[in-house]
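Chemist: Quick one: the structure is below, and I'll ask about it shortly.
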Amino acid sequence: MTAASVTVAAIYYIFTLRINMRTQQLALKAQEQNLETRQAQLFQSVYSKFSAREVLQDFNAITLWSWRDYDDFMEKYGPNHPEHYVGFWELANFYEGIGVYLKRGLLDAGMIDDFLSGPIRIFWEKLRPIILEHRKRENWPTYGEWIEYLYNEIQPIALRQHPEIETKTK
């Protein structure tokens, strides 16, 4: 009788462990799905900002800007020209935010690449010299750091998926 009780208790314990393990696996899967859903919602919120008319107009305008050097850039598009400077800052802050979200694991690099790799690449490659020079002149070593981080994380993905892309910065 004792042996039968121990056997039944052991079987019961094994079944209970299996049920608990299965429950934990389901809970983990639910958490992963919840995280993916939240990331998608966050990304949709970010992407809808990029899709706003004003932001698209700012982005389009910046792609058409030209300058010789940092001083020329500041003369043409700097603080004395708020219609340009505000658009630049709006986009820079937008990309900085995405970079921080990516660094913190709140957004998936693949999703960012799928939707925004082109604009990210264009923005950083065009404005990299300005941002790097601004860091030096203003003694602000973190200026644009998350834009640069974002570019450095997205660029390899973009190049793997589209080897025909040429890099304008090294």
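Chemist: Select from the stretch 39-56 the residues that are free of Cβ contacts under 8 Å to residues at least 24 places away in the same chain and among the charged types (D, E, K, R) and list them in ascending order.
Modeler: Across the stretch 39-56, the qualifying residue is only R53.
Chemist: Just checking, which of K103, K76 is of a type in the set (K, R) and in contact with an Asp or Glu (Cβ under 9 Å, 6 or more places away or on another chain)?
Modeler: K103
Chemist: Does the stretch 114-157 hold any residues that are buried (at least 17 other Cβ atoms within 10 Å of the Cβ) and of a type in the set (G, A, S), and which are they?
Modeler: S117, G144 - these are the residues of the stretch 114-157 that are buried (at least 17 other Cβ atoms within 10 Å of the Cβ) and of a type in the set (G, A, S).
Chemist: Checking the condition more than 23 Å from A158 (Cα to Cα) and of a type in the set (K, R), which residue from K76, K49 passes?
Modeler: K76
Chemist: Taking the condition surrounded by 10 or more Cβ atoms within 10 Å (Cβ to Cβ), touching a Gly at 6+ places or on another chain (Cβ under 9 Å) and in a helix (DSSP H, G or I), does V8 pass?
Modeler: no
Chemist: Looking only at the stretch 88-113, count how many residues are closer than 12 Å to W146 by Cβ, surrounded by 16 or more Cβ atoms within 10 Å (Cβ to Cβ) and over 9 Å from the mean Cα position of the chain (by Cα).
Modeler: Of the residues in the stretch 88-113, 2 are closer than 12 Å to W146 by Cβ, surrounded by 16 or more Cβ atoms within 10 Å (Cβ to Cβ) and over 9 Å from the mean Cα position of the chain (by Cα).
Chemist: Now for a different question. For E83, are the conditions met, namely being free of Cβ contacts under 8 Å to residues at least 24 places away in the same chain, loosely packed, with under 13 Cβ neighbours inside 10 Å and assigned to a loop (DSSP other than H, G, I, E, B)?
Modeler: Spelling it out, it is not the case that E83 is free of Cβ contacts under 8 Å to residues at least 24 places away in the same chain, loosely packed, with under 13 Cβ neighbours inside 10 Å and assigned to a loop (DSSP other than H, G, I, E, B).
Chemist: When both residues are 6+ apart or on different chains and their Cβ atoms are under 6 Å apart, which pairs have a first residue that lies in the stretch 115-129 and is touching a residue at least 12 places away in the same chain (Cβ under 8 Å), and a second that is surrounded by fewer than 21 Cβ atoms within 10 Å (Cβ to Cβ) and in a helix (DSSP H, G or I)?
Modeler: Taking only residues 6 or more apart or on different chains, the pairs are F115/Y47; S117/A158.
Chemist: Follow-up. If you go through the stretch 147-162 one residue at a time, how many are in contact with a Phe, Trp or Tyr (Cβ under 7 Å, 6 or more places away or on another chain) and hydrophobic (A, V, I, L, M, F, W, C)?
Modeler: The number of residues fulfilling the criteria is 2.
Chemist: OK, next. Which of the residues that make up the stretch 54-80 are hydrophobic (A, V, I, L, M, F, W, C) and either under 15 Å from H134 (Cα atoms) or part of a loop (DSSP other than H, G, I, E, B) (or both)?
Modeler: Passing the criteria: W65, W67, F73, M74.
Where a number appears in this text, it was derived from the coordinates with a stated rule and is not lab data. As the structure is a prediction and not an experimental result, all values here were calculated from the model. Heads up, the Cβs are rebuilt from the backbone with ideal geometry, glycines too, and the neighbour counts pull from every protein chain shown.
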